[in-house]
Amino acid sequence: MSSAVPSVTANAGTHGTRRAPRPIRASAVAMRTRNPIRAIVDGLRVVPNPDKPMLSLALGDPTTFGNFKLHRSAVDAVKHKLDSYSANGYPPSIGTETARKSLAAKYSRPAAPLTDKDVIIASGVRLVIGLLPPRSRCSDALNLSIGVLCNEGQNILLPAPGFSLYETLASSKGIECRFYNLLPERSWEIDVAHLESLIDANTACILINNPSNPCGSVYSKSHLLEILHVAERHDLPIIADEIYADMVFKPHEFFPLATLTTTVPILSTGGLAKRYLVPGWRVGWVFVHDRDGRFDEASMRRTYCGSDIGAADLALLSWRTARLPLHTQVRRGLVNLSQLTLGANSLIQAAIPEILASPQSFYDETMHQLEANARVSSELLKGIPGIQPIFPQGAMYLMVEIKLDEFDGIKDDLDFVEKLVQEESVLCLPGKCFRCPRPFVRIVFTPPKDQLEVAYGRIREFCVRHHRSAASKKARTK
């Protein structure tokens, strides 16, 4: 006897005729989602030189080579919480009160005070229908910030060159990305006039990244004030990506943006990834800096209605609240969006007070090693024909300009990267990954010194070999 299951569609249709299968399409959000780095790197079709071990200067993960290690106290804190069985349950979606209070105490400044109510702890991964999974750093904090300030059809102002995930997060939500220029000849300061020219009635917010990935720049106080003046003139909030806060090289100084204003509302994002050397632990945060209460619906209700609201004022309140600026709903919106993930990692959250208490010596040693690597990069890249490094002021990156007119057979920055891998087995990222309008490559200088020396030596050999002066000399000898 046959056990075959009859097709569900065998008798489908009005007269028993089988309908053609209907194609199942991906959502609009999925099809709008594109990470420029992955699109370019995954498209590389070159084979490294088999005679030379591969050296990557492309991955912004300080733990890759084992020379940057988190402090032992952080490891012990996580072990203790794991052994205590006290951090295995679901945490509140906005983060545990203990962790939020620890973060507020650590990052509060007299000019930008914080309480636990100003802190949203974000997860490192978001796998929710309609929202993409961010890659790294304080990515979910950025996702929350962009999601709460921008509506589909509005525009957001982003740096070029800038971290590619900004565009990925915004465009997936149907938000138009407008890119303001950074000026390499001024150590990657923002072209403030160009920034302001992009603003219109449909602009939702400005995003700035300081210290910068991919540029390694650190903005001066006076330059940050210029940016704040633009935001104030146009009544715009700012998302401040400060994941590299305090990771600056002498004599430069980091100024948290929120310490320089009492009038511009700011969502500042950060995380454990870089300063504490644990990018895989996937915990970040959003700090709400809002001295005028413009992100706080209850505060603005009092302003609009003139007093605290009682039951008798409900009808009037409903009418006036409907006319409140959208940004007054931001605090409530952040809480709502945080509920999509039901909270960041409970174990790491429980250990946050101890992680934040890592000794100053740990941070000093990290910065000493980073700064030493930056100096090595400066010394070994200087004078290589056809390239012009712009030396970093902080973070762990530097950008190198490719002078295409000085090379033979190099079409653009992507071509430079592909040929460098093929001939020298050294991988950098082309500036195209970061929407850099000129031919640049980004170098991550976190590998150990000996590996940097080998990589920079190979880059020198490559540039000398392809430089026009070498081609001319070769032609003369024939």
Q: Provide the gained length on full extension for the span Lys411 to Arg18, in nm with one decimal, where the gain is 0.36 nm per separating residue minus the Cα-Cα distance.
A: 136.0 nm
Q) Exactly which trypsin sites (Lys or Arg not before Pro) in region 330-412 are in a DSSP loop and have at most 16 other Cβ atoms within 10 Å? A) Lys382, Lys403, Lys411
Q: Any lysines with Cα under 23 Å of the Lys101 Cα? List them, leaving off those in the same chain fewer than 8 positions away.
A: Lys79, Lys81, Lys117, Lys274
**Q.** Under 5 Å, built H, 5+ apart or other chain: amide partners of Tyr180
**A.** Leu158, Ala160
Q. At Ala201 and Arg186, where each label point lies 7 Å from the Cα along Cα→Cβ, what is the point-to-point distance in nanometres?
A. 3.0 nm
Q. If you take the charge dipole of region 147-240 about its Cα centre, with +1 on Lys and Arg Cβ and -1 on Asp and Glu Cβ, which of Ser172, Gly216, Ala204 is farthest toward its positive end?
A. Gly216
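I'd like the GluC sites (Glu not before Pro) in region 192-288 restricted to DSSP loop residues with at most 13 other Cβ atoms within 10 Å, sorted by number.
Passing sites in region 192-288 are Glu253.
Using r as the Cβ-Cβ distance of Leu404 and Leu59, and R0 as 30 Å, what FRET efficiency do you calculate, to the nearest 0.05?
It comes out at approximately 0.70.
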Q. So between Glu232 and Arg291, what do we pick up on full extension, going 0.36 nm a residue minus the alpha carbon distance?
A. 19.9 nm
Q | Cross-link reach list, aspartates and glutamates versus Lys411, counting only Cα pairs under 15 Å and skipping chain neighbours closer than eight places | A | Glu401
(Q) Using a Cα-Cα cut-off of under 16 Å, which lysines could be cross-linked to Lys221, ignoring same-chain neighbours fewer than 8 residues away? (A) Lys250
**Q.** Virtual spin-label span in nm between Thr262 and Ser220, 7 Å along Cα→Cβ
**A.** 2.6 nm
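I want the local charge near Val78. Using Cβ-Cβ distances under 15 Å, sum +1 for each Lys or Arg and -1 for each Asp or Glu among the other residues. Mind showing how you got there, number by number?
Numbers: positive: Lys69, Arg72, Lys79, Lys81, Arg282; negative: Asp76, Asp83, Glu354.
For residues surrounding Val78, the net value is +2.
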**Q.** Förster radius 25 Å - calculated FRET efficiency between Ala372 and Val464 (Cβ-Cβ, nearest 0.05)
**A.** 0.45
Q.
Could you tell me how far the Cα centroid of region 330-370 sits from the Cα centroid of region 424-450, in Å?
A. 28 Å
Q) Distances over 19 Å make up what percent of all Cα-Cα pairs in region 318-471? A) 66 percent
Q: Provide the packing ranking of 383-395, 335-347, i.e. peptides ordered by the mean count of other C-beta atoms within 10 Å per residue, highest first.
A: 383-395, 335-347
**Q.** For Glu189, residues with placed amide H under 5 Å, excluding near neighbours
**A.** Leu183
Q. How would you rank 172-181, 45-54, highest first, on the average number of other Cβ atoms within 10 Å across their residues?
A. 172-181, 45-54
Q.
Suppose every Lys and Arg Cβ carries +1 and every Asp and Glu Cβ carries -1, with no other charges. What dipole size does region 211-305 come out with about its Cα centre, to the nearest 20 debye?
A. 200 debye
Q. Length gain on complete extension for the stretch Val335 to Glu379, per 0.36 nm per residue less the alpha carbon to alpha carbon distance?
A. 11.0 nm
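Every number in this text was worked out from the coordinates using simple rules, so none of it is lab data. These numbers come from a predicted model, not from an experiment. Don't worry about glycine lacking a Cβ; one is built from the backbone with ideal geometry, like all the others, and counts go over all protein chains shown.
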